[in-house]
Amino acid sequence: MRTLRFKQVDVFTTEPFLGNPVAVVLDAEGLSGETMQAIAGWTNLSETTFVLPPTQAGADYRLRIFTPRAELPFAGHPTLGSAHAVLEAGVAQPREGRLRQECGAGIVELKVETGGPARLWLRAPQTTLRALDPARLPELEGALGAAVLRTPAPRVIDVGPVWLVAGLRDAAEVGALVPDMAALAALSEAEGITGVVVFGAAQDGVAQLHVRAFAPAHGVPEDPVCGSGNISVGAFLAETGLLARVGDHYRARQGMQLGRDGRIAMRVSVDGARIDLGGNAVTCIDGTLRV
């Protein structure tokens, strides 16, 4: 039996228990993919990550990312939370304020922002977008239990995880959703997507958007605060021209329906070619895992 260093990091918050937790297994070299998947199922968090030596030149470490049911090539909050854990554990140190993480989507660059509570930023992999088949709209609305905006129409956005992104009228509608999880899972499996992300404009003085993300087909009925989902919303805003309404530097808020209050910082270029996701993180559990 091996004893590995283990941390559970709360992401998109400076206060414990208000963000999205990610389990981070350090020194994971030698673990099989099957063992990693079993551990991810056991932690039962939206994601569990495993830190490994890099295999690509220039990378500081390699990361494998698992939901309770499947491996992902990239995910936002696990990337930020794992970078926080790596820095705290001394596995890697920033070079000129930057870390380079190798993952299934390639090398992701992170910036370590200091001065006040440390914030981490990542540059998202390139996204691809396609329109949702209009014939699927009644199925989507039935699963959500609410009408979605038809102009602009929902898009399927691939950033590693593949999200169906739809706008709602406002943050109040986003917060009031009580989706049919079985129907959302069926739609996700039929479309070959990770899940569904919805957003609406907010006027709470904290954020410009409220966001929710549902991935029941991956064993995550609702992701408390979803990095890749927020990246996908940023890509949607840029592609549809809605970015002008919220600005290219904006804040999103997520998780309130689950007792959380995640704060996400976004920087999106007008053409969507550059999307940066930022957030704070705090370690809630620091110990060991026996495997």
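The values are calculated or read from the model by the stated rules, or taken from the named source; none is laboratory data. Since we're looking at a predicted model, the values are computed, not measured. Reconstructed Cβ throughout: ideal geometry from the backbone, glycine too, with neighbour counts over all protein chains shown. Quick note on the areas: whole protein, heavy atoms, side chains included, nothing else; ligands and nucleic acids left out. Shrake-Rupley method; radii C 1.70, N 1.55, O 1.52, S 1.80 Å.
Miscellaneous remarks
- Within the range 51-82, tally of residues that are over 23 Å from Trp163 (Cβ atoms) and either of a type in the set (Val, Ile, Thr) or out of contact with any Ser or Thr (no Cβ under 8 Å at 6 or more places or on another chain) (or both): 11
- Residue match in the range 168-180 (condition: within 22 Å of the chain's Cα centre (by Cα) and over 16 Å from Gln257 (Cα atoms)): yes
- Applying the criterion of being outside any loop (DSSP other than H, G, I, E, B) and without any contact (Cβ under 8 Å) to a residue 40 or more places away in the chain to the residues of the range 1-34, the residue that is nearest to Gly279 (Cα to Cα) is Ala23.
- The set of residues in the range 76-97 being at pLDDT below 95 and acidic (Asp, Glu) consists of Glu96 alone.
- Look at (1) farther than 18 Å from Val206 by Cβ; (2) among the hydrophobic types (A, V, I, L, M, F, W, C); (3) more than 12 Å from the chain's Cα centre (by Cα); (4) open to solvent by less than 10 Å² (accessible area, probe 1.4 Å) and you find that Leu289 fails only one, number (4).
- Top-ranked residue of the range 98-127 - restricted to ones that are basic (Lys, Arg) and modelled with pLDDT of 95 or more, ranked as surrounded by the fewest Cβ atoms within 10 Å (Cβ to Cβ): Arg98
- Residues of the range 60-89 classified as more than 22 Å from Gln126 (Cα to Cα) and open to solvent by 10 Å² or more (accessible area, probe 1.4 Å), total: 6
- Asp248 fulfils the conditions (1) touching a residue at least 24 places away in the same chain (Cβ under 8 Å); (2) surrounded by fewer than 24 Cβ atoms within 10 Å (Cβ to Cβ) except for a single criterion, (1).
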